[in-house]
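**Q** First the structure, then my questions, so here it is.
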Amino acid sequence: MPFPLHLFNPQSFPRLTPRRVTLVRFVRAVAGFAQIDASDPDDHGFNLDPTFANAHGPAFGICGPDGATPAQQCRIRVMRDRIEPAVQLFPEIVDAGLVSLVTPATGAPLTPGDTITVRAARNPAADTSTTLKLHAGTAAGPVVGECTIRVHPLITIPVKGHRCIINGTQADTDEAAFNTLIANANKILIAAGVKLNLELPLLNTDVVGFTTANAVTLTSSTHWDAEMAKLMRKDPQNGALNVYVVGHIDDLAANGTTSRDDTNGVGISSVFANSNRASGSYVGAQVGFLMRDPDDLEGFAQTLCHELGHVLTLEHYNNKNGSSIHHNNWSMRNLMYNFAYINAGDPMDQIGYGDHLHALPGGAHLSVGMAIGVKKMANLFQSNQAHIMRTAANNGTYLPV
């Protein structure tokens with residue numbers, strides 16, 4: 001006779017730990033650095049949210065069409081946790097007027113490799129979601145998995161690049177490196193429907209009187225960013241995100257010791273700039289992004305996107321810093337996690353990151369987080385990061401003040 005399921009009710013038996021069994025999962029389609037057509041999923045929780053996630057499963061953000069990209073495609077990998085490879089799986093898009101299936105064709109099963117490709121069918125007036133369902137056996141068979149596809153109307157942020165000259169010595173980053181940096185950053189930002197557009201030519205921004213040639217020094221004093229503020233107050237271009245590249249960033253500690261290039265970059269939002277106005281010899285904070293010459297155009301693209309997140313009013317993941325940071329797959333994969341070290345291996349190889357970027361002593365590697373939150377989670381600070389970034393971009397928090 002069937003066993004009465006009510007006996008497993010965890011509300012009746014608090015010591016009973018409930019487990020959710022999944023037949024299939026939807027995960028990132030690629031390993032390594034982000035790709036323009038392989039968004040990182042927001043796989044927090046399993047709960048429905050009528051505004052940001054309308055499916056029991058992860059949410060994938062894609063953008064609507066723009067002039068350069070007629071329609072943004074996104075590859076989604078299916079992992080068979082408890083379904084044999086021989087079982088045919090049929091994807092279905094609930095609102096085919098918003099998102100269309102590219103592969104496999106509508107009504108056809110997944111091909112070997114179990115990858116689904118979807119495309120924004122139109123550019124909605126506002127962020128809009130639909131559901132991708134996976135049927136087992138036939139196109140009308142039982143649903144064994146589902147996820148949200150959230151289409152963002154594209155927001156383009158103009159970028160003005162400053163190749164800075166400090167005490168007579170200029171940063172090395174040239175136009176080709178700048179273009180690659182921006183292109184790599186867009187591979188991450190596309191999941192939030194945000195695109196950076198570099199406006200050439202680069203500007204030669206010249207300052208003197210700094211502590212060290214070809215370097216900005218950050219101090220432990222009240223105005224730790226005094227040199228940075230002076231540089232970023234030099235020739236900011238209206239109507240754009242200003243990115244200032246210097247040779248090095250030095251951190252001067254209270255005991256007088258200096259560390260070089262431990263800091264890759266710093267982003268300043270209009271919220272911070274408006275709260276740190278000119279005072280005495282301090283010229284006042286200015287909106288934009290300061291970075292040192294990149295030695296890795298992928299790793300620094302993640303830094304640019306992370307600091308752009310701050311410019312667009314995002315705090316670190318779940319507002320955790322220092323010893324209070326989380327150590328889990330969600331936090332360490334997130335763009336706004338305040339460290340970069342995801343080691344490869346199970347289960348990391350199952351979420352699409354793999355082993356890439358900087359080699360460390362002993363042969364270990366670092367991977368940087370690139371996931372941008374989509375869902376609205378009641379107990380997670382700023383969980384819907386894409387929405388927050390987009391709202392801030394529309395409000396111009398990246399513009400000079």
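The values are calculated or read from the model by the stated rules, or taken from the named source; none is laboratory data. Note that this is a predicted model, so its numbers are computed, not measured. In this analysis, Cβ positions are derived from the backbone assuming ideal geometry, glycine residues included, and neighbour counts consider all displayed protein chains. For accessibility, only protein heavy atoms count, side chains too; no ligands or nucleic acids. Shrake-Rupley method; radii C 1.70, N 1.55, O 1.52, S 1.80 Å.
**Q** Being at pLDDT 95 or above and within 18 Å of Phe52 (Cβ to Cβ) is the requirement here; does Leu110 meet it?
**A** no
**Q** Can you spot a residue in segment 219-241 that is buried (at least 23 other Cβ atoms within 10 Å of the Cβ) and among the β-branched types (Val, Ile, Thr)?
**A** no
**Q** Follow-up question, since we're still on this one. Restricting to segment 159-169, give me the number of residues that are surrounded by 14 or more Cβ atoms within 10 Å (Cβ to Cβ) and without any contact (Cβ under 8 Å) to a residue 60 or more places away in the chain.
**A** 2
**Q** Still on this structure, I have one more. Count, please, the residues in segment 226-272 that happen to be in a strand (DSSP E or B) and not hydrophobic (A, V, I, L, M, F, W, C).
**A** So the count comes out to 10.
**Q** What's the number of the only condition in (1) assigned to a loop (DSSP other than H, G, I, E, B); (2) open to solvent by 30 Å² or more (accessible area, probe 1.4 Å); (3) touching a strand residue (DSSP E or B) at 6+ places or on another chain (Cβ under 9 Å); (4) more than 30 Å from Asn395 (Cα to Cα) that Val102 fails to meet?
**A** Val102 satisfies all of (1) assigned to a loop (DSSP other than H, G, I, E, B); (2) open to solvent by 30 Å² or more (accessible area, probe 1.4 Å); (3) touching a strand residue (DSSP E or B) at 6+ places or on another chain (Cβ under 9 Å); (4) more than 30 Å from Asn395 (Cα to Cα) except (1).
**Q** Then there is this: Mind listing whichever residues of segment 274-294 are buried (at least 22 other Cβ atoms within 10 Å of the Cβ) and outside any loop (DSSP other than H, G, I, E, B)?
**A** Gly288, Phe289, Leu290, Met291, Arg292
**Q** Ok, one more. Consider only pairs whose beta carbons are under 7 Å apart and that are at least six residues apart or on different chains; among these, list those whose first residue lies in segment 232-245 and is among the aliphatic types (A, V, I, L, M) and whose second residue is part of a loop (DSSP other than H, G, I, E, B).
**A** Note: pairs meeting the criteria are Met232/Gln286; Ala240/Glu199; Leu241/Tyr398; Val245/Cys164; Val245/Ala171; Val245/Thr173; Val245/Asp293.
**Q** Could you run through segment 108-138 and say how many residues are open to solvent by less than 40 Å² (accessible area, probe 1.4 Å), outside any loop (DSSP other than H, G, I, E, B) and not β-branched (Val, Ile, Thr)?
**A** Selection size over segment 108-138: 6.
**Q** Does segment 192-206 hold any residues that are open to solvent by 10 Å² or more (accessible area, probe 1.4 Å) and not in a loop (DSSP other than H, G, I, E, B), and which are they?
**A** Across segment 192-206, the qualifying residues are Lys195, Asn197, Leu198, Leu203, Asp206.
**Q** What is the one condition in (1) touching a strand residue (DSSP E or B) at 6+ places or on another chain (Cβ under 7 Å); (2) within 28 Å of Ile155 (Cβ to Cβ); (3) acidic (Asp, Glu) that Glu315 does not satisfy?
**A** (1)
**Q** For Thr138, are the conditions met, namely being hydroxyl-bearing (Ser, Thr, Tyr) and out of contact with any Ser or Thr (no Cβ under 7 Å at 6 or more places or on another chain)?
**A** yes
**Q** If you don't mind, another one. Can you say whether Gly299 is of a type outside the set (S, T, N, Q), surrounded by fewer than 21 Cβ atoms within 10 Å (Cβ to Cβ) and under 16 Å from Leu399 (Cα atoms), as far as the supplied structure shows?
**A** No.
**Q** Return the only residue of Ala183, Ala213 being open to solvent by 40 Å² or more (accessible area, probe 1.4 Å), farther than 11 Å from Gly161 by Cα and part of a loop (DSSP other than H, G, I, E, B).
**A** None of the other options fit; the residue is Ala213.
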